[in-house]
Amino acid sequence: MNQPVKLDIVTRRSVCPLDCPDTCSVLVDFVGDRVVGLRGDPDHPITQGFACVKMAKYPERHHHPDRLLQPMRRVGPKGSGQFKPIDWSEALDLIASRLQENRKRFGDTSVVPYCYAGTMGLIQRDHPLAFFRAIGASELDQTICATTASAGWEFNYGPDKLSVPVESLVDSKLVILWGINILRSNSHLSPWLNKARKAGAKIVHIDPYHNETSRFADQHISINVGTDAAVALAIGAEIIRLGLHDQDYLTHFAAGFEDYRQACEQWTPERAAELSGVDANTIRELALAIGTNKATFIKVGYGLSRNEGGGNAVRAITLLPALTGAWKHRGGGASLSYSGAFKLNKARYDGNHLLQPNRPHVNQNQLGQSLEARKANGDPEISTLFVFNSNPAAVAPDSQSVKRGLMREDLFTVVLELFPTDTADYADILLPATMFTEHADLYTAYGHYYLQWAEAISQAPPQCRPNAWVFGQLAERIGLSDPVFKMSTEELVRDLLDTDHPNIKGITFEQLQADRSVPLRLPEDFRPYADGSNFADKKIRFSPAPQQIEFKVTPTKQYPLRLISPPGAFIVNTTMGNIPSLLKQAGGEPTILIHPNDARRASISDGSRVKVSSPTGEVHRKAIVTTDAREGVAIAVGLWWPKYAPDKRGLNELTSQELTDLGAGSLFGNPVVRVEPLA
Ligand SMILES: Nc1nc2c(c(=O)[nH]1)N[C@H]1C(S)=C(S)[C@@H](COP(=O)(O)OP(=O)(O)OC[C@H]3O[C@@H](n4cnc5c(=O)[nH]c(N)nc54)[C@H](O)[C@@H]3O)O[C@H]1N2
Ligand SMILES: Nc1nc2c(c(=O)[nH]1)N[C@H]1C(S)=C(S)[C@@H](COP(=O)(O)OP(=O)(O)OC[C@H]3O[C@@H](n4cnc5c(=O)[nH]c(N)nc54)[C@H](O)[C@@H]3O)O[C@H]1N2
Ligand SMILES: [Mo]
């Protein structure tokens, strides 16, 4: 046997920065300056010692040869990705002078940030917004992901999104994974569900895509896209008909129940079955199971909210545990997000106090039309765009429109990035950012109740800078005087902790430094909605009742399939989309899954190249013919970098800038498409 080579491995603790509910505590292994491994922290109660397939490849990302290492100025045409290195002081001077010129000429509101969740660290994610608020820029509505589902939840329960603690799930008797592929996008929930199952719980998955979570579950219920509200209302009707609702709970906590009851009555199992494709008896059985298992837990995903009726669907689904009083029972209730419990003092860190009245808003899902918009005198609405923590050329809807906007000669674009993304190619000034191991930050979570602190654990390349540093420098250059721009990360975090809210009060910076992960100070056996204390008006809003929204965009002869684009296993949005080993694992090229019957009708064979077109654009993909896709649904898994797709086009060529029913969210799960052989 070979003796293992002995290396001096030093292990340091950090927090995964990806936009994922699990927000893992991770252990990063170094040999000297080299990152050689990343593992889940075995001592963290939620991470439980395992990292996902993506982050396990983190060393490859850390040492990627394409990492941006110095500030650069565009020398080729926009979009060409041709740059020449400049130094930081030149870059910052150029930005500051062009910014001031554009503010003077086109107004403060012609400046807009475009940022989202490249890192979930609060300081590097949100603190830069203070800069834009101080200069009176347009406000960015960060609607690209969660606002529709959040609006649905908040409509019912009030502004704080609270969930059944992960630790209580072991006592669930029935688990419904509704429109979420937890094995892929919330994998650290699975150990808890396995424990619940050992103790007798049944696990049901409701999704048009038969995936690893369907196989993990005891039952998969396939459903037509965008019909969840009808099914949930029919379940509600059955529960009421059988008298399995919790009258006492409703008497105390429901507002407008009669309205809801009437809305449910319109949905017999048969009618819901016809629309949704879910068998009427399956709906009846599910209603009986939910009505009789008081500790039913419903995990609702964001995927089902990305269509015209998404907000109403989330409302209809998440009223079910209120109907049965499940919230009173340990392990019963629902979960969308845990974020509402992180009651930090957010008054200052992101410049809320600097926000000027009457700022126009730019909806993140309408970046294209905002960039293309002009005033009556021909001036652009947007003169200056700062992109950081986001890759809009790939992730924003209607890429053609986004690209037309980014190509504008009179647009000044600054991109702060780690890698040469498709968006970076459009920058006038491209700046190199630091990675999560290279800066300290504070992390909340949307899949558990632990607040976490990560120190910088590795040296950044000499010219890379944290987002907060960049905007601090710009603030200084243009003379912004608010003290918030001088605050260090530690000072900002101390400010965030400075609150009397019982969930936070008593958690100190020193404790975070020592423990890294600190549970929120929630009551023992926390049941957020067992009584009225967390509802907006002490009541759950059943009225106006959620509806099954009638879609404007429906399949036609020309575009017979509905397209959805759920997360891929190997990338998170477009992050990790340039890691060769992961791209290989993902099959080497982007694909589209279609059902054998749809494939036959369109004369498509498995493995062939196809043209996928929608009313907004077209892409070319490899077809995978499989019953994992529901008939009538085309599934494009994972957002490939457009430049790495064989046709150099991204999936959002096919999506539109129209918005959802609640929360002004995106319609990523809404387009209708035609799939045909590529000539
Ligand atoms: N590996 C991986 N993990 C991720 C991400 C990633 O890209 N990759 N992205 C992260 C981000 S930003 C987010 S917001 C979350 C997303 O997480 P979620 O959207 O909450 O969950 P997903 O796993 O995307 O599950 C979406 C599921 O909804 C299904 N679906 C689509 N339309 C409908 C519908 O109308 N009805 C029903 N019942 N189901 C429907 C899809 O087929 C898919 O299986 O995941 C995060 N985690
Ligand atoms: N068709 C379709 N489109 C979608 C979706 C879909 O389901 N279908 N999902 C949508 C969803 S759920 C979301 S959340 C959005 C996500 O959209 P984005 O938030 O834009 O997510 P990413 O594509 O991962 O891009 C994040 C970028 O931030 C960079 N980054 C990471 N850390 C840092 C840092 O510290 N500083 C700086 N400056 N940059 C950093 C990364 O390198 C990466 O390029 O996409 C949406 N787009
Ligand atoms: Mo997201």
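Could you please give the count of residues in the range 122-152 that are assigned to a loop (DSSP other than H, G, I, E, B) and within 13 Å of ligand 3 (Cβ to nearest atom)?
Looking only at the range 122-152, we keep the residues that are assigned to a loop (DSSP other than H, G, I, E, B), and these are 127-128, 135-138, 142-146.
Pick out the ones that are also within 13 Å of ligand 3 (Cβ to nearest atom) and you get 142-146.
Qualifying residue count for the region: 5.
Quick one: what pairs do we get from the range 508-526, first residue among the hydrophobic types (A, V, I, L, M, F, W, C), second open to solvent by 70 Å² or more (accessible area, probe 1.4 Å) and part of a loop (DSSP other than H, G, I, E, B), C-beta under 9 Å, 6+ apart or different chains?
Leu522/Pro502
Give the residues of the range 564-600 that are over 18 Å from Val672 (Cα atoms), open to solvent by 20 Å² or more (accessible area, probe 1.4 Å) and hydroxyl-bearing (Ser, Thr, Tyr), sorted by residue number.
The answer is Thr575, Ser581.
For (1) away from ligand 1 (no atom under 16 Å from the Cβ); (2) in the same structural domain as Ile223 (by TED's automatic domain parsing), each residue gets a yes or a no:
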site	(1), (2)
Lys505	yes, no
Thr508	yes, no
Leu512	yes, no
Asp531	yes, yes
Asp537	yes, yes
Ile549	no, no
Thr554	no, no
Phe570	no, no
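Residues Gly325, Gly332, Gly277: which one is crowded, with 23+ Cβ neighbours inside 10 Å and within 27 Å of Ala217 (Cβ to Cβ)?
Matching residue, one of Gly325, Gly332, Gly277: Gly332.
Quick check on my filter: what residues within the range 205-220 are free of Cβ contacts under 8 Å to residues at least 24 places away in the same chain and either assigned to a strand (DSSP E or B) or touching a Lys or Arg at 6+ places or on another chain (Cβ under 8 Å) (or both)?
Once the filter is applied, which keeps residues that are free of Cβ contacts under 8 Å to residues at least 24 places away in the same chain and either assigned to a strand (DSSP E or B) or touching a Lys or Arg at 6+ places or on another chain (Cβ under 8 Å) (or both), the range 205-220 yields Asp218, Gln219, His220.
Can you work out which of the residues in the range 123-152 that are within 16 Å of ligand 2 (Cβ to nearest atom) and over 30 Å from Glu438 (Cα atoms) is surrounded by the fewest Cβ atoms within 10 Å (Cβ to Cβ)?
Ala151
Do you know which residues across the range 523-569 are within 16 Å of ligand 3 (Cβ to nearest atom) and either assigned to a loop (DSSP other than H, G, I, E, B) or touching a helix residue (DSSP H, G or I) at 6+ places or on another chain (Cβ under 6 Å) (or both)?
Ser565, Pro566, Pro567, Gly568, Ala569
Quick one: is Ala234 surrounded by fewer than 24 Cβ atoms within 10 Å (Cβ to Cβ) and over 30 Å from Lys195 (Cβ atoms)?
Answer is no for this residue.
Using the structure shown, decide if Ala196 is within 16 Å of ligand 2 (Cβ to nearest atom), open to solvent by less than 10 Å² (accessible area, probe 1.4 Å), of a type in the set (A, V, I, L, M) and in a helix (DSSP H, G or I).
no
Filter the range 441-464 down to the residues that are under 19 Å from Asp350 (Cβ atoms) and open to solvent by 20 Å² or more (accessible area, probe 1.4 Å), then identify the one that is nearest to the chain's Cα centre (by Cα).
By that ranking, first place goes to Tyr446.
The values are calculated or read from the model by the stated rules, or taken from the named source; none is laboratory data. Please read these numbers as outputs of a predicted model, since none were measured by experiment. Counting neighbours? That spans all protein chains shown, and the Cβs are built from the backbone with ideal geometry, glycine included. Just so you know, the surface numbers come from the protein's heavy atoms only, side chains and all, with ligands and any DNA or RNA stripped out. Shrake-Rupley method; radii C 1.70, N 1.55, O 1.52, S 1.80 Å.
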